[in-house]
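Scroll down for the structure; my scribbles are underneath it.
The values are calculated or read from the model by the stated rules, or taken from the named source; none is laboratory data. Worth saying up front: this structure is predicted, and the values here are computed from it rather than measured. In this analysis, Cβ positions are derived from the backbone assuming ideal geometry, glycine residues included, and neighbour counts consider all displayed protein chains. Note: accessible area is taken over every heavy atom of the protein model, side chains too, but ligands, DNA and RNA are not part of it. Shrake-Rupley method; radii C 1.70, N 1.55, O 1.52, S 1.80 Å.
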Amino acid sequence: MKYIFAIFLFCMTVSGAYSQCLNTDSLYVENITSSNALAKWSPPPVADHYIIHYRELGIVSWNNLANITGNDSARNIPGLDPITTYEWQIKTFCDTSNQPNSGWSYSDTFTTIPFVFAPFNPVIINSLSSLQCNTPTEFALQITQTTNEPDIG
């Protein structure tokens with residue numbers, strides 16, 4: 001009986017009835033800011049779509065990024081906290097049925113940078129439609145500030 005089972009298992013493996021969905025390789029992260037990071041990977045030979053999950057290092061629950069097409073090899077991870085270490089993994093799906101899949105890849109880690117405020121230096125532009133005294137005039141005031149500058153309010 002053991003002999004027949006071994007032959008059956010061998011035939012199933014050789015015939016291709018047992019197929020494995022290969023996962024991505026070479027996980028790394030670049031363009032790390034205080035709130036985002038660009039996750040990148042080397043795609044496998046066949047990929048219909050991917051799912052990335054990530055979490056703060058040491059935390060139990062994962063956040064997921066889905067709907068990543070098989071043609072992609074990078075995805076921005078948004079909404080991160082400054083000066084925090086994260087780990088992430090990716091799973092490859094070889095077809096639209098979500099089966100077979102590769103299982104989760106090995107973990108890669110990265111640390112976000114501190115948030116740096118820009119100096120407070122708003123640009124204030126005002127204009128009057130007329131400089132004549134005792135006559136109605138229109139007044140316009142425009143205030144702008146740069147990215148990462150503290151709010152005027």
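The stretch between I125 and T84, if pulled fully straight at 0.36 nm per residue, gains 10.8 nm over its current Cα-Cα span. Amide H to amide H distances under 5 Å link T92 with T24, S102, G103, where only residues 5 or more positions off or on other chains count and H is placed in the peptide plane. For segment 65-115, the carbon plus sulfur part of the accessible surface works out to 48%, probe radius 1.4 Å. For the set D81, D95, the ranking by accessible area, highest first and with no ligand, DNA or RNA atoms included, is D81, D95 under a 1.4 Å probe.
Largest accessible area first, the residues F120, F93 order themselves as F120, F93 under a 1.4 Å probe with ligands, DNA and RNA left out.
Peptides 131-140, 56-65 ranked from most to least packed, by the mean per-residue count of other Cβ atoms within 10 Å: 56-65, 131-140.
Among the protein heavy atoms, those of T144 account for about 60 Å² of accessible surface (1.4 Å probe, every chain in place). For the set C94, C21, the ranking by accessible area, highest first and with no ligand, DNA or RNA atoms included, is C94, C21 under a 1.4 Å probe. Rounded to the nearest 10 square angstrom, I83 shows an accessible area of 120 square angstrom against a 1.4 Å probe.
Think of a 1.4 Å ball rolled over the protein heavy atoms: segment 13-106 then has 55 Å² of accessible area per residue. W104 contributes an accessible area of around 100 Å² to the protein surface, as traced by a 1.4 Å probe with all chains present. Whole-Hz Karplus values for segment 63-71 come out as 9, 10, 10, 10, 6, 9, 5, x, 7 Hz, taken residue by residue from phi with 6.51 cos²θ - 1.76 cosθ + 1.60 and θ = phi - 60°; glycine and proline positions read x.
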